[in-house]
Amino acid sequence: MTNAALDPSSPVGIVAAGGVMPFAVADSLIARGINPVLFALKGACDPVRVARFRHHWISVGQVGRAVKLFRSENCRDLVFIGTLVRPALSEIRLDWGTLRVLARLWAAFRGGDDHLLSGIGRILEQDGFRMVGIKDVAPDLLVPEGCLTRKAPDESAAADIARGRDVLRALSPFDIGQAAVVIDGHVVGVEDIEGTDGLLARIARLRDEGRIRAKAARGVLVKAPKSGQDLRFDLPTIGPRTVEGAAKARLAGIAIVAGNTIVVEPQAMIEAADAAGLFVTGLPA
């Protein structure tokens, strides 16, 4: 579900993992007159940042406790946001509510990240909650269409962008990653479990080792959600760190799908890209 109308009289529950995004979403809701309640995941959510919001702590797998807390706060609408390292099943803190849905939870774990998150979302929806996405709760955090920087992609970069989108579309059924690096028509890296930062660090290392011989300021990082992905969960994210990684990888720029990519600290990201001579462009969905 996307483009869902939020009820301003009820708080929105934010299941908050790592990074700054849960707090950016909370601030966006507050600015629109909607109260957020954060359900902070132990071991992932920042305890300092979360302290300024109404919040509760939960552990991964505590479905029963989470459901009781959601209901006690009258949170019908829920959103998952933030970075989270997929836990091993042995690390999940089981409670009675988890045991009740253990078969469905096990089925959710037997796939990629999108399969896992959408599976957990379906479990909660069967308990009467409504899973919503960033488009519903914080549309101002999504990348707009068009070039955001002083530098724009040239013909070579446009061809690399097209190749990158084709690659990501082809990989979508395997639920692997949401990013690829293409340089002069060659696919030199695809995102895996190490994430986008790791992908860019790998490209930088391969350049340093001489295994990528293309000139500096060539190539594009392309990010896009998987085809058929539930857009309420695990959208691609970029920010100043992405720009820093792309600069170290000596790329020409970054291309992301507009409306389906979250941007962290947009002004800082654009300033960093301009300073590094990179382009950042939002692609048509």
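If you go through segment 261-285 and keep only what is outside any helix (DSSP H, G or I) and closer than 18 Å to residue 20 by Cα, you end up with 261, 262, 263, 264, 265.
Please determine whether any residue of segment 120-141 is modelled with pLDDT of 95 or more, part of a helix (DSSP H, G or I) and either in contact with an Asp or Glu (Cβ under 8 Å, 6 or more places away or on another chain) or within 22 Å of residue 259 (Cβ to Cβ) (or both). Before you say what the answer is, go through the steps one by one.
In the first step, residues of segment 120-141 are kept if they are modelled with pLDDT of 95 or more; the result is none.
No, segment 120-141 has no match at all.
Yes/no per residue for (1) surrounded by fewer than 17 Cβ atoms within 10 Å (Cβ to Cβ); (2) out of contact with any Pro (no Cβ under 7 Å at 6 or more places or on another chain); (3) within 16 Å of residue 19 (Cα to Cα):
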site: 29; (1), (2), (3): no, no, no
site: 34; (1), (2), (3): no, no, no
site: 37; (1), (2), (3): no, no, no
site: 42; (1), (2), (3): yes, yes, yes
site: 47; (1), (2), (3): yes, yes, yes
site: 51; (1), (2), (3): yes, yes, yes
site: 58; (1), (2), (3): no, yes, no
site: 62; (1), (2), (3): no, yes, no
site: 70; (1), (2), (3): no, yes, no
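Only one of the numbered conditions (1) among the hydrophobic types (A, V, I, L, M, F, W, C); (2) on the phi > 0 side of the Ramachandran plot; (3) within 18 Å of the chain's Cα centre (by Cα) is violated by residue 285, and that is (2).
Filter segment 16-57 down to the residues that are modelled with pLDDT of 90 or more and among the β-branched types (Val, Ile, Thr) and list them by number. 25, 30, 34, 37, 48, 50 - these are the residues of segment 16-57 that are modelled with pLDDT of 90 or more and among the β-branched types (Val, Ile, Thr). Could you check, for segment 239-246, whether at least one of its residues is touching a strand residue (DSSP E or B) at 6+ places or on another chain (Cβ under 8 Å), within 30 Å of residue 121 (Cα to Cα) and surrounded by 17 or more Cβ atoms within 10 Å (Cβ to Cβ)? Within segment 239-246, one or more residues are touching a strand residue (DSSP E or B) at 6+ places or on another chain (Cβ under 8 Å), within 30 Å of residue 121 (Cα to Cα) and surrounded by 17 or more Cβ atoms within 10 Å (Cβ to Cβ). The single condition from (1) in contact (Cβ under 8 Å) with a residue 60 or more places away in the chain; (2) surrounded by fewer than 21 Cβ atoms within 10 Å (Cβ to Cβ); (3) of a type outside the set (D, E, K, R) that residue 159 fails is (1). Of the residues making up segment 141-182, those that are touching a helix residue (DSSP H, G or I) at 6+ places or on another chain (Cβ under 8 Å) and either at positive phi or of a type in the set (Gly, Ala, Ser) (or both) are 175, 177, 179, 180. Checked against (1) among the basic types (Lys, Arg); (2) touching a strand residue (DSSP E or B) at 6+ places or on another chain (Cβ under 6 Å); (3) at pLDDT below 90, residue 104 passes all but a single condition, namely (2).
Here 210, 185, 245, 277 are screened, and the one residue that is on the phi > 0 side of the Ramachandran plot and in contact (Cβ under 8 Å) with a residue 40 or more places away in the chain is 277.
The values are calculated or read from the model by the stated rules, or taken from the named source; none is laboratory data. Keep in mind that this is a model prediction, so the values were computed, not measured. Positions of Cβ are generated from backbone atoms using ideal geometry, with glycine treated the same way; all protein chains shown enter the neighbour counts.
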